[in-house]
Amino acid sequence: MGSEAPLPEWASKPCIMGIDEAGRGPVLGPMVYGCLYCARSYQKTLSTLNFADSKTLKEEKREELFENLKADESIGWAVDVIDPRELSSKMLRKNKINLNEISHDSAMGLVSRVLNMGVLLTEVYVDTVGDAEKYRVKLSERFPGVKFVVAKKADSLYPVVSGASIVAKVTRDRALRGWVLEETAEKMHKEFGSGYPGDPGTKAWLEQHKHSVFGFPSLVRFSWGTCTAYYKDFVEVAWESDQVDEDDFNGSSGKRQVKLSSLGFTLKRKIEETESSGRGRCKFFQSRKLQQLTHF
C-alpha cells in the first residue's frame, strides 16, 4: 500500500525519506511501519504542512493530514502492515526473532521498496528502535549509498518523520476499525479499547474472548506477556510436530509430540515436553498407519 501514481519527475532528483511505526506496544492488532519521501528541495515546504508526532494529534486531525499528504503530488508514501499472527509466530518460533529485529527488517524493507521504484534516496531519517548508533551502522552497511540519521523522538524532530508517523498511525487505526474477526464464536465484539496492555477495556476484552483450547482470536499478539496471566485457565494440548527435530531419534524420521509448555506457555501445572511411544508419533496415527503427504 502506498503512492500508486507513476514515478514523478522529482523522484529522479536527490530525495529524503522519514520512517516511523505505529502499534509497537499494543497487545492487539498489527504493527505498521510507514514512510514518507519527497525531493530534498521540498523540505522547507514540508515543514509548513503542520505535520507532528501522530501521538500528539487527535484522530480527526491525523485523518485530515493523511488525506492532504495523499493528495500532494510532491510527496510519496508507503506502509508495511505486519499481522499480529506474524509477530507472534516470529517471536515464539524455535529460532526467535525479537521485536527489534522485526522492526529493523520492516524499515529496511521500506527503504528497499522505494529505492527499487527508482527514487533517488540520499537521506533517510528514522525513529530509533534500540541503540541509535548501532541501528544507524546497520542501515548504512545495508544501503551504503544513503545517509542515515537515526534518533530518539525523530517524529518530533524532523517533519519528514512526523509525516511518516501520521501515515503509520492512520493506517493502523483504519486497519483496526475495519478488522473482520475470523472466529465465529458467540458474543464476539470489537469493543477492545486502545489495544494497549494497561487499558481496562482491552483487559476486559481479552478476558471475554479467551478460549481454553484455542487461546485468543487472531487479532491478539499471543506472544505478549499480557496474555500470560490468562494461560492458567487453558487446557493442556499436545499435537504432532509438523517437522522432524534434527536432534531426535539419532537422525531417524520420527516425529515429536509437542506440548504448549515447550513454546513458552505456562499452564495449570509445570509439565515437561513429552514424546508419545514408538517413534514419537501419536498412537492414533500409528494404529491407522497414517502418514503425512507432501505430494498428491
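The values are calculated or read from the model by the stated rules, or taken from the named source; none is laboratory data. Predicted model, so just to flag it, every value in this text is computed and none were measured. Here the Cβ positions follow ideal geometry from the backbone for every residue, glycine too, while neighbour counts run over all protein chains shown. Keep in mind that these areas ignore ligands, DNA and RNA; they rest on the heavy atoms of the full protein, side chains included. Shrake-Rupley method; radii C 1.70, N 1.55, O 1.52, S 1.80 Å.
Inside region 207-219, residues that are out of contact with any Lys or Arg (no Cβ under 7 Å at 6 or more places or on another chain), surrounded by fewer than 17 Cβ atoms within 10 Å (Cβ to Cβ) and assigned to a loop (DSSP other than H, G, I, E, B) make up a count of 3. Out of everything in region 12-39 that is open to solvent by 10 Å² or more (accessible area, probe 1.4 Å), modelled with pLDDT of 95 or more and among the charged types (D, E, K, R), what residue ends up being nearest to V150 (Cα to Cα)? Per the stated criteria, the residue is E21. Is it fair to say E275 is open to solvent by 80 Å² or more (accessible area, probe 1.4 Å), modelled with pLDDT under 75 and more than 28 Å from V180 (Cα to Cα)? Yes; evaluated as a whole, the condition is true for this residue. Of the residues contained in region 157-165, one or more are found to be more than 16 Å from Q43 (Cα to Cα) and in a helix (DSSP H, G or I). Pairs linking a residue in region 32-47 that is under 13 Å from A168 (Cα atoms) to a residue that is open to solvent by 10 Å² or more (accessible area, probe 1.4 Å) and aromatic (F, W, Y), with Cβ atoms under 7 Å and 6 or more positions apart or on different chains, are G34/W77; C35/W77; L36/W77.
Checked against the criterion of being modelled with pLDDT under 80, aromatic (F, W, Y), crowded, with 16+ Cβ neighbours inside 10 Å and assigned to a loop (DSSP other than H, G, I, E, B), the candidates F192, F265, F222 yield just one match: F265.
Filtered by the rule that a residue be at pLDDT 95 or above, buried (at least 16 other Cβ atoms within 10 Å of the Cβ) and among the charged types (D, E, K, R), region 128-168 gives R136, K138.
Given the criteria at pLDDT 90 or above, under 21 Å from the mean Cα position of the chain (by Cα) and part of a helix (DSSP H, G or I), does A204 qualify?
no
Applying the selection to region 186-226, what residues are of a type in the set (A, V, I, L, M, F, W, C), touching a residue at least 24 places away in the same chain (Cβ under 8 Å) and touching a helix residue (DSSP H, G or I) at 6+ places or on another chain (Cβ under 9 Å)? Scanning region 186-226 gives M188, F192, L206, L219, V220, F222, W224.
I'd like the residue in region 104-122 that is open to solvent by less than 30 Å² (accessible area, probe 1.4 Å) and over 21 Å from the mean Cα position of the chain (by Cα) and, out of all such residues, is nearest to G76 (Cα to Cα). Only one residue tops the list, namely V119. Taken over region 40-55, the criterion of being open to solvent by less than 20 Å² (accessible area, probe 1.4 Å) and within 8 Å of P159 (Cβ to Cβ) is satisfied by L46 alone. Restricting attention to region 188-201, which residues are over 21 Å from the mean Cα position of the chain (by Cα) and of a type in the set (G, A, S)? Within region 188-201, just G201 meets the criteria.
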